[in-house]
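To start, the structure under review is shown below, and the notes come after it.
The values are calculated or read from the model by the stated rules, or taken from the named source; none is laboratory data. If you're wondering where the values come from, they're calculated on a predicted model, not measured in any experiment. Every residue, glycine as well, gets a Cβ built from its backbone with ideal geometry; the counts of neighbours run over all protein chains shown.
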Amino acid sequence: MGNKRIDKPLTTPVQYLLQVLGSKWKLPILCLLSKKEVVRFNELKRELAGITNMSLSNCLQELVCYKIINRVQYLEIPPRVEYSLTDNGKSLLPILEDLDEWVNKQLEINYEKAPEIEQGGS
């Protein structure tokens, strides 16, 4: 395939999961795409404060490669490219919602046991 990130040999499902979704921007991208049917590149860029064009482009390419999102390019001037979740990507949403719920519970547990973690103490 030519993409070093995708061509790495994997030995566990967790490694695969982290390869597919384990970057700073992929989950926020999926969250934005879950809220709207179709999103354009510049709209994603505006919503993801701090992301570079290169990082956004790379993340989108990888998500397309894994068939999590669709990319539709219209032959217009100026060019228009739209992104949306595939059925495969939509199937991730309940899992991500469960993961979000788990993280929120975990944060509560950690905060109850060690409030100094939240406040930056050690």
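Assorted remarks:
- Check on Glu62, of a type in the set (Asp, Glu), over 21 Å from Leu92 (Cα atoms) and either part of a helix (DSSP H, G or I) or in contact (Cβ under 8 Å) with a residue 60 or more places away in the chain (or both): no
- The residue that is farthest from Leu27 (Cα to Cα), among those in segment 100-114 that are of a type in the set (A, V, I, L, M) and modelled with pLDDT of 90 or more, is Leu107.
- Condition met for Lys45 (more than 22 Å from Asp87 (Cβ to Cβ) and surrounded by 12 or more Cβ atoms within 10 Å (Cβ to Cβ)): yes
- Exactly one residue among Leu63, Leu93 is under 11 Å from Lys26 (Cβ atoms) and touching a helix residue (DSSP H, G or I) at 6+ places or on another chain (Cβ under 7 Å), and that residue is Leu63.
- Verdict on Leu99 being assigned to a helix (DSSP H, G or I) and touching a residue at least 12 places away in the same chain (Cβ under 8 Å): no
- Scan of segment 15-42 for residues that are of a type in the set (D, E, K, R), modelled with pLDDT under 95 and in a helix (DSSP H, G or I), ordered by number: Lys35
- In segment 12-31, the qualifying residues are those that are within 18 Å of Met54 (Cβ to Cβ) and of a type outside the set (Gly, Ala, Ser), and the one that is surrounded by the fewest Cβ atoms within 10 Å (Cβ to Cβ) is Lys24.
- Residue ID - nearest to the chain's Cα centre (by Cα), chosen from residues in segment 53-71 that are exposed (fewer than 13 other Cβ atoms within 10 Å of the Cβ) and under 21 Å from Val20 (Cβ atoms): Lys67
- Options Gly89, Gly50; residue that is over 14 Å from the mean Cα position of the chain (by Cα) and among the small types (Gly, Ala, Ser): Gly50
- Any hit, segment 75-82, residues being among the hydrophobic types (A, V, I, L, M, F, W, C), within 22 Å of Leu18 (Cβ to Cβ) and modelled with pLDDT of 90 or more: no
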